[in-house]
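The values are calculated or read from the model by the stated rules, or taken from the named source; none is laboratory data. Since the structure is predicted, the reported quantities are computational estimates derived from the model, not experimental observations. Here the Cβ is made from the backbone with ideal geometry for all residues, glycine too, and neighbour counts use every protein chain on show.
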Amino acid sequence: MNAVTMNSLSKIYAGGKKAVDSVSLSLSQGEVFGFLGPNGAGKTTTVKLLNGMLSPTEGSTSVFGIEPSQNPEKVHALSGVVTEHAQMYDSLTGIQNLIFYGSVFGLGETESKKRGMELLEQLELSDAKDTKLAAYSTGMRQRLSLARALIHQPQILFLDEPTSGLDPESAQNVHSMIRRLSAEKGITVFLCTHQLRYAQEICTRYGLMAEGRLIAEGTLEALRSRIHAGMQVKLKVKNMPPDLARRTDDDTYELPIRSEDEIPQLVQQIAGAGGQIYHVSSKLPSLEDIYFTLTGKKEELPQ
Amino acid sequence: MKNQILAIVKKDIRGITSNHRMFATLLVVPIVLTVLVPTLFILIMRFAPTESPDFQKLLAMLPLAEQNEDTFKNMLRLLLNYMLPTFFMLIPIMAASVMAACSFVGEKEKRTLETLLYCPLSLKQIFRAKVLAAFLLSMLVSAISFAVMLIVLETETCLLAGFFLLPDAKWLLILLLVSPAVSLIAITLIVKTSAKAQSVEDAQQGAVFLLFPVLMLLVGQFTGVLLINAWLLLVIGIVCALLAVLLLKQSMSHFKYETLLK
């Protein structure tokens, strides 16, 4: 059974804004799916549709065979959700919050506490377990949200910008935890982010969103083959023969090639013409390169 | 399921008792109504010159059942069995408003509502839990207020006049029927407005107009125009209870995730 299925899923808000436009997609169990795009691309709306917080205007969706708009509470029992808008109680401490959400998800108080302590340990929040949430930093709140989403051992995690506001070390920590959860426990992860570089580190498959539409979907290799079959070579050369490559900086050049097989010949050609080579490296197009090529945009993703 | 709902009830009640500002609001009105007002009344009755002609005129208007007894004792009976019962319609309205506004719109304001909606309970169950929390708290406040009022009143009359006052049967109706029903109506009105309200203050305004009929009833006791009796209370209680159940059913059927999270 697919973990998530979307069939021509669309959502038009009351004001007439089409937030999600005929998105069709399916996720297998255990996948770490990166749902990527800038803010306003429709990622959060999709998460809300998948959890029954919104009803689709057209099309349908199911999570482990359950239709979220019909049986939201059944979907909630299987899913853990982290979004920017889902906050916890400032007047309770970290562990009190986790115990509360554990109980609401049907765990006993002792079990909630045990699970809560384990998660706090894994997310490096043990020292702050008895601190009221009001005194937590953004990064700590974000990690506690992740702990909250995991308290009932969900089968699928919906993470909407889980590492926003985290310092690089904590972000790294969260990423390795997500990877571990998927590898060891087979949890399906639906990760929404505009940070394409981070997504590339942990996801197994991607969906690229722009203005509510899914513009491409597949593994990194599949997406690369969609733009062009090739790579970029970066060179640092003194006395470079003219017109061989595009100059990017002092003595550094870039040129596209089809495969690594072309590199030895290229090096010989430069050396033969009297060029002194200091550096040669090849690079496959990154997710960012792919996204910008597909959307025709050159600039950074808007935050 | 029971434990999940109970967890929400416990959290909501703890949420209000740990919030000093809210908790103070919750305590001030009952203390004023059940301790300060009766004490002042007793002191005035005891020490003010009751023989003045103006005062006698006022007394003549009041419904003093047993005219043969002394004025002081009669006035105390009037206080305990006619005036104070109406306060026990005000107290649950106030307690329920503070609690319901805090637990519905407060969660919305602090963005904790969305998190709660992601739990495996239906919207109806979540709201039932929240209504229950507000109802239990308002009943607890009423019960404690009643106990405190009785202790204060009995001590004062015993010290100043040397006798005990007996609360009459009306109190049973007030505490077991009218108070709970009125409190449920207040909660329902807050719940109804909370779906659209953006702040706690917005939501509380919904219950304010509920205070008017109660205030009229209170004025009625002071002037002798509309005196409460057991029958009147029974009718008020039954009407309010029916209204509460109807309103509650109707308000819950309108809830949708989409409207709540706006």
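Just a few scattered comments:
- Among the conditions (1) touching a Phe, Trp or Tyr at 6+ places or on another chain (Cβ under 6 Å); (2) within 14 Å of chain B (Cβ to nearest Cβ), the only one that residue A:49 does not satisfy is (1).
- Residue within segment A:215-224 that is at pLDDT 90 or above, assigned to a loop (DSSP other than H, G, I, E, B) and within 17 Å of residue A:293 (Cβ to Cβ) present: yes
- The listed residue being surrounded by 15 or more Cβ atoms within 10 Å (Cβ to Cβ) and in contact (Cβ under 8 Å) with a residue 60 or more places away in the chain, out of A:235, A:223, A:266, A:244: A:223
- Inter-residue pairs, beta-carbon under 7 Å, first under 26 Å from residue A:66 (Cβ atoms) and in segment B:120-136, second among the small types (Gly, Ala, Ser) and surrounded by 22 or more Cβ atoms within 10 Å (Cβ to Cβ), 6+ apart: B:130/B:103
- For segment A:130-153, the count of residues that are within 21 Å of residue B:6 (Cα to Cα) and of a type in the set (Val, Ile, Thr) is at least one.
- Restricted to segment A:187-214, and to residues there that are closer than 28 Å to residue A:261 by Cα and either assigned to a strand (DSSP E or B) or of a type in the set (S, T, N, Q) (or both), the residue that is modelled with the lowest pLDDT is A:200.
- Screening residue B:114 against (1) surrounded by fewer than 24 Cβ atoms within 10 Å (Cβ to Cβ); (2) in contact with a helix residue (DSSP H, G or I) (Cβ under 7 Å, 6 or more places away or on another chain); (3) part of a helix (DSSP H, G or I) leaves a single unmet condition, (2).
- Within segment A:198-210, not a single residue is touching a Pro at 6+ places or on another chain (Cβ under 7 Å) and among the basic types (Lys, Arg).
- Annotation note: of A:247, A:205, A:197, A:224, the sole residue that is among the charged types (D, E, K, R), within 30 Å of residue A:23 (Cα to Cα) and over 16 Å from the mean Cα position of the chain (by Cα) is A:224.
- Pick from segment A:147-201, criterion farther than 17 Å from residue A:78 by Cβ and among the basic types (Lys, Arg), ranking: surrounded by the fewest Cβ atoms within 10 Å (Cβ to Cβ): A:197
- Residue A:78 vs. criteria within 14 Å of another protein chain (Cβ to nearest Cβ) and touching a residue at least 40 places away in the same chain (Cβ under 8 Å): yes
- Identity of the residue in segment B:246-259, surrounded by fewer than 14 Cβ atoms within 10 Å (Cβ to Cβ) and in contact (Cβ under 8 Å) with a residue 12 or more places away in the chain, that ends up nearest to residue B:118 (Cα to Cα): B:256
- So residue A:124, is it of a type in the set (D, E, K, R), free of Cβ contacts under 8 Å to residues at least 12 places away in the same chain and either within 14 Å of another protein chain (Cβ to nearest Cβ) or surrounded by fewer than 22 Cβ atoms within 10 Å (Cβ to Cβ) (or both): no
- Check on residue A:84, surrounded by fewer than 20 Cβ atoms within 10 Å (Cβ to Cβ) and either within 11 Å of another protein chain (Cβ to nearest Cβ) or over 20 Å from residue A:185 (Cβ atoms) (or both): yes
- Residue match in segment B:54-75 (condition: away from every other protein chain (no Cβ under 14 Å), modelled with pLDDT of 80 or more and over 30 Å from residue A:45 (Cα atoms)): no
- Any hit, segment A:165-186, residues being β-branched (Val, Ile, Thr) and either assigned to a loop (DSSP other than H, G, I, E, B) or within 14 Å of another protein chain (Cβ to nearest Cβ) (or both): no
- Extreme residue, nearest to the chain's Cα centre (by Cα), among residues of segment A:63-73 that are surrounded by fewer than 21 Cβ atoms within 10 Å (Cβ to Cβ) and more than 7 Å from chain B (Cβ to nearest Cβ): A:64
- Residue satisfying all of: in segment A:94-110; in contact with a helix residue (DSSP H, G or I) (Cβ under 7 Å, 6 or more places away or on another chain) and of a type outside the set (A, V, I, L, M, F, W, C); nearest to the other protein chains (Cβ to nearest Cβ) among these: A:103
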